[in-house]
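What follows draws every value from the coordinates through simple rules; no lab data is involved. This is a predicted model, so every value here is computed, not measured. Neighbour counts are summed over all protein chains in view; Cβ atoms, including those assigned to glycine, are modelled from backbone coordinates with ideal geometry.
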Amino acid sequence: MPTRRVLKSVLHNFLGTYTSRYSEYDGYWLFGVLVGDLKNVQFDLFTEVESSAFLVDVARNLAVGRFTEQLCKARLDPSSVRKASIQIERLDGQVDGHVNGIECGGFKIRFHVAAETDTGRVFECKCVLFVAPHNAGIELQSLRAHRD
């Protein structure tokens, strides 16, 4: 069985998969669709909510699923993690960035994930990404959105 120190890698890999282009809503990057209404949210990574059309619930359930996947891939027993959460915060001020090579306005979003082991040790991982509000005119819709 892996040691609890592998939790640091689990958190890093979780953020990589959770913030990737594969986190989508209707074929578009979830965070681009969500960023307009986002201020500051925090999710318990062990608690899903009922399915709903609210994007924040979609983001929460996706986070719970991706965190669970990473625990399984690392062969880390979920009972060795006392608690885990992610905070997603839109930082103040609009910034310029690029989407598919086109300059556009957007925001910096900070993702901060933390987990506490059953022994009380805390591991954390953070990243900040540029996120432009969804614009179907410059974004490509994933082909996965059209699968039956």
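Of note:
- Residue among Q94, Q42, Q70 with the largest mean-square fluctuation in a Gaussian network model of the chain, springs linking Cα atoms under 10 Å: Q94
- With neighbours defined as other Cβ atoms within 10 Å of a residue's Cβ, the residues H134, H98, H112 order from fewest to most as H98, H112, H134.
- Environment charge of K108, counting only residues whose C-beta is closer than 14 Å and scoring Lys/Arg +1, Asp/Glu -1: +1
- Binned Cα-Cα distance frequencies in the range 1-52 - 5 Å width, integer %: 4, 14, 16, 26, 21, 9, 6, 4, 0
- Partner lysines whose Cα lies under 16 Å from the Cα of K83, excluding those fewer than 8 positions away in the same chain, are identified as K8.
- Angle of helix 7-18 to the longest C-alpha principal axis of the chain, folded into 0 to 90 degrees and rounded to 10: 20°.
- With 0.36 nm allotted per residue and the present C-alpha distance subtracted, the T119-N40 stretch has 25.5 nm of extension available.
- Nearest 10 degrees, 0 to 90: helix 55-73 Cα axis against the chain principal axis: 40 degrees
- Radius ratio Rg over Rh of the chain, counting only Cα atoms, Kirkwood formula for Rh: 0.99
- Euclidean distance of C-alpha centroids, the range 31-64 and the range 70-112, integer Å: 12 Å
- Exposure proxy order (Cβ contacts within 10 Å, fewest to most) of T119, T19: T119, T19
- For E48, neighbours were defined as the other residues whose beta-carbon sits under 10 Å from its Cβ, and their charges (Lys and Arg +1, Asp and Glu -1) total -2.
- Derived scalar couplings ³J(HN,Hα) [the range 101-110; Karplus, 6.51 cos²θ - 1.76 cosθ + 1.60; whole Hz; x for Gly, Pro]: x, 10, 6, 7, x, x, 9, 8, 10, 9
- Burial ordering of I86, I138, I109, fewest other beta-carbon atoms within 10 Å first: I138, I109, I86
- Gyration tensor (alpha-carbon) shape descriptor, the range 86-148, a/c threshold 1.5: oblate
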